[in-house]
Amino acid sequence: MGRHGWDSGAQRWRLTALLGVSAAVVALVVTLVNTLPGGGTSTEGTSPDGDRVHGTPAVPAGEPRPDVGWGFTHTQFSADEGPAGATARVSERLSDDRLPQNQHIMGWGADNPEPVKGRYDFAALDRRVDFVRASGGTPVITLCCAPDWMKGGEAGADNTDWSRSALETAPDPEHFADFAALAATVAKRYPDVRHFIVWNEFKGFWNDTEHRWDHEGYTELYNLVHRALKKVDPDIMVGGPYLVMDSVDPRQTENASRTLRGPWGALDQRVLDAFTYWNEHKAGADFVVVDGSSYTKDDDLLPDEFAATDKFTAVGEWVRRQTGDDLPLWWAEYYVEPADGNDDRHGWSEARRGAVQAAGLIAMVRGGATSGFYWNPQEEKGPDCPGCLWTPTGSGDGGRKLPMYDLLARFSAEFPPGTAYERVSVAADDASDLRVLATEWAVLVVNTLDRATTARVDGRRLDLQAYEVRWLDR
């Protein structure tokens, strides 16, 4: 059985009547099958005690805040598995840096959590939560995706369809309440998880008839989950809608927003409509979640890879206006480098990648974001992993940090939620060639040029290499 991301490998079985079997025998078989737990579906490996507290929950440090800071999402392969030396290498480093860590309940490293209604399998999710606890991170759970029996598929772990299309199918409306009950079960099992994101990217919520997002359906699911979690504990923090803030070429007329646009493109108006509906009809929220890329739906970086990150600022400002500045803004995912057909990114040097990522983080902060999660911490194997945080933990010498880890960890440490930002002086041939973010204690400087340059920042002369990311202490 495949459980990580899009792996298929799940075997389906069906009871097939044999020719020549008498009606009496068939009736007897049906009667026996229907008396089995789960209506004939095997419950091996599952438990009815899904809401039993797992392990030793970490003791939260004070009252939960609605923002968590800058961290990463565990994906298909992560540091919870592998030789002890490799996994410990990552865990110990994370313990020093205390990065928040996000995990989905199904897919991206987690098995089907409820293969049969009322029967649970949390072994994989338990292991991920244990890793977060051991590494001292703030745990966040994304409540996606849904067991097959909630979306027209077969029950049973062995019958789980791990194809991408199946995983990205939303629960049927008649099972929205079942999904909310699953969310409550997860919250009871991990009482130290105080932050939950409802669903992922509106997966499966598309209105084919009207060619727009099914924001009514998503909001109905969101509200049921919100109420279920608050019933478990009113202090649990819940957020959504985790919409992809897609943009198109600004010259495009169809579906292009007339108001939220810039040199980087124009937001897809259907996304803004979906966000507006959720915002007006939500049962409540403790934070607001979006995701997106700096490039357009056609993978265009407009007018270039650095200026394109201004989209993050514009989107953040728009979202904050819609919510009245009352809700902290999270970016559940953010991308600055287009991928190829296999979702690989090999076109840029690591220096260029780091500089654009740093510019993107700065742009999100300027748009009012206080939390964000980096996607793609490691590959399954091999040394080539553009943008990964550490080397694969599948071998004993794995788990060694990569350049992107240093950027994310330092950014998280210097710019936590509640940071007061300051303006600093910048003098260069063209100040727009630099991206700068400063506090009372530190300054982050990014050279956006593919050549060396000299500048004066905060009164200090800097000789910056091509695409250099420089930290200054104040």
**Prompt:** How many residues, within the range 148-170, are within 19 Å of the chain's Cα centre (by Cα) and either under 24 Å from residue 240 (Cβ atoms) or among the acidic types (Asp, Glu) (or both)?
**Reply:** 7
**Prompt:** If you scan the range 124-145, which residues turn out to be under 21 Å from residue 168 (Cα atoms) and not β-branched (Val, Ile, Thr)?
**Reply:** 124, 125, 143, 144, 145
**Complete:** Checking 128, 133 in turn, the sole residue that is outside any loop (DSSP other than H, G, I, E, B), of a type in the set (D, E, K, R), open to solvent by less than 30 Å² (accessible area, probe 1.4 Å) and on the phi < 0 side of the Ramachandran plot turns out to be 128
**Unmet criterion (only one of (1) closer than 19 Å to residue 54 by Cβ; (2) in a helix (DSSP H, G or I); (3) in contact with a helix residue (DSSP H, G or I) (Cβ under 9 Å, 6 or more places away or on another chain); (4) of a type outside the set (Asp, Glu)) for residue 93** = (1)
**Request:** Any chance you could count how many residues in the range 148-171 are touching a Ser or Thr at 6+ places or on another chain (Cβ under 9 Å), farther than 16 Å from residue 225 by Cβ, in a loop (DSSP other than H, G, I, E, B) and open to solvent by less than 40 Å² (accessible area, probe 1.4 Å)?
**Result:** 5
**Request:** Working carefully through the options 214, 161, find the one that is in contact with an Asp or Glu (Cβ under 8 Å, 6 or more places away or on another chain) and more than 26 Å from residue 234 (Cβ to Cβ).
**Result:** 161
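The values are calculated or read from the model by the stated rules, or taken from the named source; none is laboratory data. Source: prediction; values computed, not measured. FYI the Cβ positions are ideal-geometry reconstructions off the backbone, even for glycines, and counts take in every protein chain you see. Quick note on the areas: whole protein, heavy atoms, side chains included, nothing else; ligands and nucleic acids left out. Shrake-Rupley method; radii C 1.70, N 1.55, O 1.52, S 1.80 Å.
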